[in-house]
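Notes follow the structure.
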Amino acid sequence: MLSSIFVPKCISCGGDCGYDEILCANCVAGLARLNLACEGYCADADFCYADYRYEGALRTALRRIKFDWCIRGVSQLARLCILANVNGHYDMIVPIPFHIIRRFARFVQPVSVIVREVAARLSVKVEMPLVRIRNTSYQAKLRRTARFENVKGAFELYADVDVHEKDILLVDDIMTTGATLAEAARVLKSGGASRVDVYSLAAGMVR
């Protein structure tokens, strides 16, 4: 475990990479661009954006970060953000929150790295109007239908952050079924948000 943290090797192919990288240059060059920009991918969201397909080296990297405690080079995720199709003015950038128990289960959350980069690129402040009130099962271990049930009622609004008539960009690292983002968007809309778009670094469908 210590060797995977401190030795600068690509998490996907094992090739050489820098200490601030989790993927080598060859694996980064081979990432499958998606450039998703569409309506209807995620229920309750107005528009959806994603830069890459959730497959290959990027899928390996994100899963190793989340489930194997790989932390070296996680900052590279920020540099992978393209945001080529993201347009429009937002009043706030909102990350998908994680339950406090999950915070102790992982050294780093990929969405935390990504949301800071998105906010900096768009010059919009990060706000935390959502609270995860239920420690749900890992979505990655569930089938499509079960994922929607798993996150139902998982979020509520934090009273100190006003979302009424706000245009919001909701951010996560991965969008597959869109269940988590849809539930979060629904809660934001119930609080009076005018618009909720979503951005994820990677996207891919799950049966």
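Data table
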| read-out | value |
| --- | --- |
| Test: residue in region 97-105 that is surrounded by 18 or more Cβ atoms within 10 Å (Cβ to Cβ) and in contact with a Leu (Cβ under 7 Å, 6 or more places away or on another chain) | yes |
| Enumeration of residues in region 7-18 that are buried (at least 19 other Cβ atoms within 10 Å of the Cβ) and either without any contact (Cβ under 8 Å) to a residue 12 or more places away in the chain or of a type outside the set (A, V, I, L, M) (or both) | 10, 12, 17 |
| The lone exception for residue 88 - which of (1) touching a strand residue (DSSP E or B) at 6+ places or on another chain (Cβ under 8 Å); (2) on the phi < 0 side of the Ramachandran plot it fails | (2) |
| Residue match in region 7-18 (condition: touching a helix residue (DSSP H, G or I) at 6+ places or on another chain (Cβ under 7 Å) and under 20 Å from residue 118 (Cβ atoms)) | no |
| Residue match in region 79-99 (condition: farther than 17 Å from residue 172 by Cα, touching a residue at least 24 places away in the same chain (Cβ under 8 Å) and not in a loop (DSSP other than H, G, I, E, B)) | no |
| Some residue of region 114-125 being within 14 Å of the chain's Cα centre (by Cα), under 22 Å from residue 158 (Cα atoms) and not aliphatic (A, V, I, L, M) | yes |
| Some residue of region 48-70 being assigned to a loop (DSSP other than H, G, I, E, B), more than 20 Å from residue 121 (Cβ to Cβ), at pLDDT 85 or above and of a type in the set (Ser, Thr, Tyr) | yes |
| Condition met for residue 32 (within 18 Å of residue 78 (Cβ to Cβ) and either among the β-branched types (Val, Ile, Thr) or modelled with pLDDT of 95 or more (or both)) | no |
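One line per residue, one yes/no per condition, for (1) over 18 Å from residue 201 (Cα atoms); (2) at pLDDT 90 or above; (3) basic (Lys, Arg):
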{"residue": "75", "(1), (2), (3)": "no, yes, no"}
{"residue": "80", "(1), (2), (3)": "no, yes, no"}
{"residue": "85", "(1), (2), (3)": "no, no, no"}
{"residue": "91", "(1), (2), (3)": "yes, yes, no"}
{"residue": "98", "(1), (2), (3)": "no, no, no"}
{"residue": "110", "(1), (2), (3)": "no, yes, no"}
{"residue": "115", "(1), (2), (3)": "no, yes, no"}
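Each row is one residue, and each column tells you yes or no for (1) out of contact with any helix residue (DSSP H, G or I) (no Cβ under 9 Å at 6 or more places or on another chain); (2) crowded, with 22+ Cβ neighbours inside 10 Å; (3) without any contact (Cβ under 8 Å) to a residue 24 or more places away in the chain; (4) of a type in the set (A, V, I, L, M).
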| position | (1), (2), (3), (4) |
| --- | --- |
| 20 | no, no, no, no |
| 29 | yes, no, yes, yes |
| 34 | yes, no, no, yes |
| 52 | no, yes, no, no |
| 56 | no, no, no, no |
| 68 | no, no, no, no |
| 75 | no, no, no, no |
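The values are calculated or read from the model by the stated rules, or taken from the named source; none is laboratory data. Computed from a predicted model, the values in this text were never measured in an experiment. Don't worry about glycine lacking a Cβ; one is built from the backbone with ideal geometry, like all the others, and counts go over all protein chains shown.
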